[in-house]
1. Would any residue of segment 35-69 have its amide N under 14 Å from a label point 7 Å out along Cα→Cβ of ALA434? List them or say none.
2. Taking the Cα of SER82, stepping 7 Å toward and past its beta carbon, and measuring to each backbone N in segment 325-350: which are under 14 Å?
3. Between segment 175-219 and segment 271-341, what is the separation of their alpha carbon centroids in Å?
4. How many percent of DSSP beta bridges within segment 71-343 run antiparallel, rounded to 5?
5. Taking the Cα atoms of the chain alone, what are Rg (to one decimal) and Dmax (as a whole number) in Å?
6. Taking chymotrypsin sites (Phe, Trp or Tyr not before Pro) as candidate sites, keep only those in a DSSP loop with at most 11 other Cβ atoms within 10 Å, then name the longest stretch of the chain containing none of them.
7. First check a/c for segment 255-309, with a ≥ b ≥ c the square roots of the eigenvalues of its C-alpha gyration tensor; if it is under 1.5, answer rounded, and if not, answer prolate when a/b is larger than b/c or oblate otherwise.
8. At most 16 other Cβ atoms within 10 Å plus a DSSP loop assignment makes a site exposed; report the longest stretch of the chain without any exposed GluC sites (Glu not before Pro).
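The values are calculated or read from the model by the stated rules, or taken from the named source; none is laboratory data. Because the structure is predicted, anything quoted here is derived from the model rather than measured. Note: ideal-geometry Cβ built from the backbone for every residue, glycine included; neighbour counts use all protein chains shown. Side chains are part of the model used for accessible areas, which takes the heavy atoms of the whole protein and leaves out ligands, DNA and RNA. Shrake-Rupley method; radii C 1.70, N 1.55, O 1.52, S 1.80 Å.
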Amino acid sequence: MSAPSYADLKAWDHAYVWHPFTQMQDWLQEDPIIIARGEGNYVIDVNGRRYLDGVSSLWCNVHGHTHPRLNRAVTEQVNRISHSTMLGLANIPSILLAKKLVELAPSGLTRVFYSDAGATATEIALKLAFQYWQLRGETRRTKFASLVEAYHGDTLGAVSVGYSELFHHFYRPLLADAVRLTPPHVFRFVRGMSAEQALAAAQAEAEHTLARQHAELAAVIIEPLMQGAAGMWAHSVEYVRTLRQLTRQHGILFICDEVATGFGRTGKMFACEHAAINPDLFCVAKGITGGYLPLAATLATEEIFSAFLAPYEEFKTFFHGHTYTGNPVACAAALASLEVFAEEQVLERLQPKIALLTQRLQGDIAALPHVADIRQWGLMVGIELMRDPDKKIAYDPAEKIGIRVIREARKRGVMIRPLGSIIILMPPLSITEAELSHLLDVVHTAIRTVT
Ligand SMILES: Cc1ncc(COP(=O)(O)O)c(C=O)c1O
């Protein structure tokens with residue numbers, strides 16, 4: 001059978017596929033880029049055009065596409081078995097990976113509960129925290145606190161703590177109310193404070209809110225250091241430390257969602273390491289398999305785990321699971337990815353790349369007249385564009401400024417994705433310095449051309 005042509009694929013995509021986070025009315029007017037292959041830090045479309053993968057295929061890819069080590073691990077595991085259930089059975093890769101994750105994660109996290117997406121990892125953390133307090137007899141602790149502009153995934157529990165009026169107002173009746181804490185950036189950017197003033201205001205607000213509402217709070221959930229989907233809004237290690245200290249003081253559980261920041265993105269294996277804090281619950285996904293396969297994990301402390309232990313007939317069990325939980329092929333990819341981290345000294349070799357990125361961002365990119373703000377932690381970057389940065393006048397959404405910039409970049413062989421008027425960069429950790437320079441050259445030209 002001959003391979004389908006681009007025209008066939010486009011017609012069938014338009015006829016049958018509903019794309020996520022996509023206004024399909026626009027999509028159906030466009031010629032889609034259809035990816036056929038990946039090679040190192042590039043994705044290649046069905047017409048043979050190569051694009052530098054500037055956002056790691058939605059913040060997932062770590063060591064490049066078709067990495068021989070990961071390919072081999074996946075193939076070998078497929079030849080053994082592709083799937084068996086974790087309900088009532090164990091499998092080899094999920095055991096080995098759990099041991100490895102516990103060794104790597106912030107100390108105190110001793111138990112690994114698998115699922116298959118960032119949203120499920122956070123959903124599980126919320127449910128674990130909730131049930132933990134019910135089992136402990138502290139039944140008034142039924143609420144969660146989260147940061148303003150948080151994003152923890154698209155399932156209903158995750159949306160409850162990551163509520164945004166624009167995206168989620170349709171689901172309002174289905175959601176639980178969360179207590180919202182204002183992170184420093186909102187004070188700084190929206191209220192025009194200095195970084196120090198903004199940090200102090202955010203700390204004071206958290207102190208006040210948690211002191212007032214601690215008795216009804218099950219947990220505080222945050223994306224440590226970088227609120228990714230909000231538009232790469234960075235906060236300092238001091239803010240994370242304050243929240244950890246306040247949650248300890250008031251006996252509230254602390255959940256760190258490292259779905260985006262985990263596996264090297266911030267320059268260390270996990271963002272929590274920068275702040276030297278240990279959460280009670282810890283969520284990872286995206287980069288866990290090197291960006292190969294869907295897998296997620298929620299790690300918990302022994303104290304939380306032991307609250308669920310009881311004779312069968314007391315039904316204290318955590319009644320939660322997904323069909324593909326702990327899938328052996330995904331776990332094998334994750335194990336291979338962690339081996340590559342060690343064998344290729346990925347984190348050590350990342351540091352000069354981060355320095356190069358910082359230098360270019362603070363240099364020629366920051367100098368562009370419509371660049372209002374640049375946020376960076378490691379290889380996670382948000383470049384905020386504004387019509388008038390001095391007067392803080394934003395672009396009209398109808399101008400689709402971000403979309404136009406990424407289209408210009410695509411014409412030049414670079415694949416990036418905006419969040420509104422914020423240009424996001426999050427290349428694979430394996431990007432070379434030459435590729436990184438090229439990425440920044442293209443981003444510079446694309447922004448200059450469009451603005
Ligand atoms: C911090 C964070 N948590 C959770 C999620 C949800 O992950 P998924 O899309 O795999 O459900 C994301 C996705 O971007 C994220 O950035």
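1. The answer is 41, whose backbone nitrogens lie closer than 14 Å to the label point.
2. Only 327-330 pass the distance filter.
3. Using only Cα atoms, the two centres lie 28 Å from each other.
4. Numbers: 12 of 26 bridges.
About 45 percent, rounded to the nearest 5.
5. In Å, with Rg to one decimal and Dmax whole: 22.1, 67.
6. Longest gap between qualifying sites, sites excluded: 22-314.
7. oblate
8. Longest site-free region, per DSSP loop and neighbour criteria: 139-343.
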